[in-house]
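Notes follow the structure.
Nothing in this text is a laboratory measurement; each read-out follows from the coordinates by a stated rule. If you're wondering where the values come from, they're calculated on a predicted model, not measured in any experiment. Cβ: placed from backbone, ideal geometry, glycine included. Neighbour counts: every protein chain shown.
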Amino acid sequence: MALKIAQVIDDTLDSTDGVQQVVVATGKWLTAQGHDVHYIASETSRTDIPHIHSMARNIRLKFNGNRLGMSLPADRRAIAKLLRREDFDVVHIQVPYSPFLSGRLIEALPDQTALIGTYTILPLSRVARFGGEVLGRVQRGTIARFDEFLGASEPAAAYSESVLGRYTIPVGNPVDGAVFNAARDAALARPHKGGPVHVLFLGRLVERKGAGALLEAAARARSFTAQAFQVEIAGKGPLLEHYRRRVHDLGIADIVTFSGFISEEAKPRLLASADIIALPALGGESFGISLVEAFAAGTGAVLGGNNEGYSSVAGPLSECLIDPTNTEEFARRIVELIENPQERAQMSARQVERARNFSPDVVGQRILASYHRAIRARRG
């Protein structure tokens, strides 16, 4: 049975941040299965996706180590008109949600419409955790309307249960690995370039993503090996100039380059070009889309910070996890991989298989099963 589905996010869809990627990837997969998918968001200007309903202006704020958007109050009459016209079978909201858009949408939902929520965050700090708990208590009224809650990972599901008081099913996030697999295959087909071992960081230059931890480890690693290596820091963010200064302070300016912003189109090839991909996030990760992408594209070893979200993605691949705050151990692990191309190749083969656990086909089926359960329960 084809369903009419609304994917709802209280932020803009113009961004390529993690939650936006999940919403779009889920919607594209559902559309490919023959379902009619609409997107309800705050202020959004993109036109490459059909059926986007931009319902409210939004403001930018900092929360949990990220810059994100929050919607200003949406027009209740516009929401009611949209719901009457489209008559959705399922509304799927990213949680936590704003009372000004999703909250008003929930209040206006017809009884026959199934409502699903996916909890998408893990708190980085005590303040963020407290904020999530307060929001959960404030929204208990609208939370009761949900038919099922899903979690972006096992840790996100556990946190969801603690703040919402509702059973939450961990389903993972859908990550389309096709373009990343293609970049990996193309890189493996080319002759090995030789030269220094290429160590890559790709991500936003904020503290929690761990580029600073990699620079400290790179400086220490120099004293452990005579093997030549180069570190590439790809991305932009508020700590760029701080990291540039730190590179000079550490005396590693000759082995570190800053590549700046990397487009989504260029990302797969860059990931596939590295011998070692280091993503030493310190925490606040509910899942790890960047880790899955690196697994899918990497021709060498991927290292990720041993936080809850990344460890849920790595699963049995414990050799991929490091403690970014332990500079000595981090440096020694980098050196082990610099000096052992065979281990890098073996890790790559295991990583690309692990990434397939999060394909849209795998995760999408779990999400769709939730929709059908909710519809059956609500409509008897």
Rounded tilt (10° steps) of 240-250 against the dominant C-alpha axis of the chain: 20
R0 of 45 Å, Cβ-Cβ distance residue 51-residue 223: FRET efficiency to nearest 0.05: 0.20
Residues 118, 325, 16, 26, sorted so that the one with the fewest Cβ neighbours within 10 Å comes first: 16, 325, 26, 118
Magnitude of the charge dipole, region 178-357, Cβ model with Lys/Arg +1 and Asp/Glu -1, debye to 20: 340
Rounded tilt (10° steps) of 341-355 against the dominant C-alpha axis of the chain: 0
Given charges at Cβ of Lys, Arg, Asp, Glu: region 178-357 dipole, positive-most of 252, 287, 213: 252
Compactness index (Cα Rg / 2.2 N^0.38 Å), region 190-274: 1.09
Alpha-carbon centroid distance for the pair region 323-380 / region 173-239, whole angstrom: 17
Peptide ranges 85-93, 206-214, 293-301 listed from the most packed, as the mean C-beta count within 10 angstrom indicates: 293-301, 206-214, 85-93
For the chain, built as a Gaussian network whose Cα springs stay under 10 Å, the top-fluctuating residue of 49, 121, 277: 49
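Counting helices only, and only those DSSP H runs with n ≥ 4, report the 222 nm mean residue ellipticity of the chain as the sum of -39,500 (n - 2.57) divided by its residues, in deg cm²/dmol to the nearest 500.
One gets -13000 deg cm²/dmol as the mean residue ellipticity at 222 nm.
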Within the chain: Cβ-based charge dipole about Cα centre, in debye rounded to nearest 20 (Lys, Arg +1; Asp, Glu -1): 820
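For region 269-380, what D do you get in µm² per second when you plug the Kirkwood radius from alpha-carbon pairs into Stokes-Einstein at 20 °C and 1.002 mPa s?
Rounded, D is 141 µm²/s.
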Likely footprinting exposure, 286, 223, fewest C-beta neighbours within 10 Å first: 223, 286
The chain: C-alpha pair distances exceeding 36 Å, %: 25
Residues 71, 54, 318, sorted so that the one with the fewest Cβ neighbours within 10 Å comes first: 318, 54, 71
With Cα atoms, 0 to 90° folded angle of helix 76-86 axis to the chain main axis: 90
Only Lys, Arg (+1) and Asp, Glu (-1) charged, at Cβ; region 313-377 dipole about Cα centre in debye: 620
DSSP beta bridge pairing in the chain, given as percent antiparallel to the nearest 5: 10
